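Visitor: Just dropping this structure here.
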Amino acid sequence: MAFAPEELRVLRRALAQALHPAPLADTDVQDCLRLAGSVDEAVREAGRQRTFLLADLARYRAALPGAAAGYLELLDEALGAGHEPGAEDLAALRGLPCLPEAAALLHRCRLLAERSLRARLAGRSLPPGPRSPLHALPGGRAAAGEDGGEQTPRPAPATPR
């Protein structure tokens, strides 16, 4: 996002005001409100561009392998814009093994997908509350004789009558 010189002056005044509170003139308040509106519009526009980029990426993916060059370029752009590669992206890249650009993007996408998965798994926590006690299951280490203890004999299977 780029700011015009006037917008930077307004932003600088707003930050100075936040650090050293003092009464604001009406024109300063109006300038801050206009700047906030401009930032909101820029955020909405970025969202629209992202939606368009992802829709375009899906169209190119559907046209593979004929649209490989365009797909690779769009995927690279989407990754730069924060797109997290999904299973369909990984499958599409695996379908283009002869292109070195595809191999490089596949490696990058695998790393991003793994990092995203780890972050999601790390974000999940156990619900608070008491845990149930752990119970030993029959046939554990003691039954195998691994802990130095006696191996417990197994009962003989019953013979059917």
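Visitor: Name, by its number, the condition in (1) open to solvent by 70 Å² or more (accessible area, probe 1.4 Å); (2) within 30 Å of A78 (Cα to Cα) that does not hold for L24.
Guide: (2)
Visitor: Any idea which of (1) at pLDDT 90 or above; (2) more than 29 Å from R118 (Cα to Cα) is the one L75 doesn't satisfy?
Guide: Every listed condition holds for L75 apart from (2).
Visitor: Would a scan of segment 67-88 turn up a residue that is among the acidic types (D, E), surrounded by 19 or more Cβ atoms within 10 Å (Cβ to Cβ) and more than 12 Å from L53 (Cβ to Cβ)?
Guide: no
Visitor: Cβ-Cβ under 8 Å, sequence separation 6+ or interchain: first residue in segment 34-47 and over 11 Å from L11 (Cβ atoms), partner open to solvent by less than 50 Å² (accessible area, probe 1.4 Å) and not in a helix (DSSP H, G or I). Which pairs?
Guide: none
Visitor: Can you run down the residue pairs with Cβ atoms below 8 Å, 6 or more apart or on separate chains, where the first is in segment 105-116 and among the polar types (S, T, N, Q) and the partner is open to solvent by less than 30 Å² (accessible area, probe 1.4 Å) and in a helix (DSSP H, G or I)?
Guide: none
Visitor: Evaluate segment 44-66: report whether one residue or more is open to solvent by less than 50 Å² (accessible area, probe 1.4 Å), modelled with pLDDT under 85 and within 21 Å of A104 (Cα to Cα).
Guide: yes
Visitor: Assess whether R34 counts as being within 28 Å of P5 (Cβ to Cβ) and open to solvent by 70 Å² or more (accessible area, probe 1.4 Å). Talk me through it step by step, then tell me what you get.
Guide: Working: within 28 Å of P5 (Cβ to Cβ): yes; open to solvent by 70 Å² or more (accessible area, probe 1.4 Å): yes.
Yes.
The values are calculated or read from the model by the stated rules, or taken from the named source; none is laboratory data. Just so you know, these numbers come straight off a predicted model, no measurement behind them. Using ideal geometry, Cβ is built from the backbone for each residue, glycine included, and neighbour counts are taken over all protein chains shown. In case anyone asks, the SASA skips ligands and DNA or RNA and just uses the protein heavy atoms, side chains included. Shrake-Rupley method; radii C 1.70, N 1.55, O 1.52, S 1.80 Å.
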